[in-house]
Amino acid sequence: MADLIGYARISTTDQDPALQLDALNNAGCIKVFSDTASGALDKRPELDRMLDQLRPGDTVVVWRLDRLGRSLKHLITLVEDLEQKKVGFRSLTEAIDTTTAGGKLVFQIFGAMAEFERSIIKERTMAGLEAARARGRKGGRPTVMTPEKIKMARKLYDSKEYTVESIATELGVSRKTVYRHLAS
């Protein structure tokens, strides 16, 4: 038999989860997991516990979408993971229920919108970088190895009197930087 499993989250200890817990209990949840943690945190022990205990046919119920995911992308990933496990998802406030055809459609639209948003951001970033290059700006960090430093590194290294570490210290750069320029 499929069970309704609730998940509640409050961000700080001075908040009260009673509203969420009451709503989840009234919705018929047989068990409710509750975290006190920022939604931005990756580690939410009760969420992890709940995800470990879910069985095919169960439905995860939340009071609002923002109680489960830290971002739209994260929320979509979580719900897709639930779907892979044959677990439904229901949000009480937004009236989304992925165990119904209409609920799946609404959630797929959310997913498409999130993907569209990521594509727009990528396009803007690429256009900005292209415009900067057209104005002569080069991306990346400026090199710390001037032609003089490269010559000095080569001279010290070829003398076999200095280690790469001592050359790096002398030039004020990392060993990796010295190795990279000696190899070229």
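If I filter region 78-91 for residues that are in a loop (DSSP other than H, G, I, E, B), surrounded by 17 or more Cβ atoms within 10 Å (Cβ to Cβ) and touching a Leu at 6+ places or on another chain (Cβ under 8 Å), do I get at least one hit?
For region 78-91, residues in a loop (DSSP other than H, G, I, E, B), surrounded by 17 or more Cβ atoms within 10 Å (Cβ to Cβ) and touching a Leu at 6+ places or on another chain (Cβ under 8 Å): present.
Here is a yes/no grid of residues against (1) under 30 Å from SER119 (Cβ atoms); (2) in contact (Cβ under 8 Å) with a residue 60 or more places away in the chain:
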| site | (1), (2) |
| --- | --- |
| ALA27 | no, yes |
| SER38 | yes, no |
| ARG55 | no, no |
| LEU65 | yes, no |
| GLY69 | yes, no |
| LEU72 | yes, no |
| THR77 | yes, no |
| ASP81 | yes, no |
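Those residues that are surrounded by fewer than 19 Cβ atoms within 10 Å (Cβ to Cβ) and either assigned to a helix (DSSP H, G or I) or aromatic (Phe, Trp, Tyr) (or both), I need them from region 24-67; list them, please.
Across region 24-67, the qualifying residues are ASN25, ASN26, PRO45, GLU46, ASP48, ARG49, LEU51, ASP52, GLN53, LEU65, ASP66.
Here are some residues: ALA114, ALA131. Which one is modelled with pLDDT of 90 or more and small (Gly, Ala, Ser)?
ALA131
The values are calculated or read from the model by the stated rules, or taken from the named source; none is laboratory data. It should be emphasised that the depicted structure is a prediction, and the values quoted were computed from it without experimental measurement. Please note: Cβ atoms are built from the backbone with ideal geometry, for glycine as well, and neighbour counts cover all protein chains shown.
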